[in-house]
Amino acid sequence: MSKKLTSKHLNESQRYEIISKLSKTNPPSKRALVREYDVNKGAIRKVWEKQDPILERSTLLSEEAKHKTFRASVG
């Protein structure tokens, strides 16, 4: 039998939190963030690799929109 993997999506505010945590002088490990946000390590890695567009989008969105937006597209 195979297990179906369930993945949780991060919203924009969670992505911003992850970037700010990893930008500190003594950041938590990516593995610790995987456990904290209940996502796979690829999600954390992708957020870190795409931090510039995420930070740019974050300045444009309101706080309410950050909590509601799970998928962002560039127009």
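The values are calculated or read from the model by the stated rules, or taken from the named source; none is laboratory data. Remember, predicted model here, so these are calculated numbers, not experimental data. FYI the Cβ positions are ideal-geometry reconstructions off the backbone, even for glycines, and counts take in every protein chain you see.
Within segment 1-35, how many residues are touching a helix residue (DSSP H, G or I) at 6+ places or on another chain (Cβ under 9 Å), of a type in the set (D, E, K, R) and either surrounded by 13 or more Cβ atoms within 10 Å (Cβ to Cβ) or modelled with pLDDT of 90 or more (or both)?
Count: 6.
Condition check ((1) under 13 Å from the mean Cα position of the chain (by Cα); (2) under 13 Å from E12 (Cα atoms)) across all residues:
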residue: K24; (1), (2): no, no
residue: P27; (1), (2): no, no
residue: R31; (1), (2): no, no
residue: D38; (1), (2): yes, no
residue: A43; (1), (2): yes, yes
residue: Q51; (1), (2): yes, yes
residue: R57; (1), (2): yes, yes
residue: L60; (1), (2): no, yes
residue: A65; (1), (2): no, yes
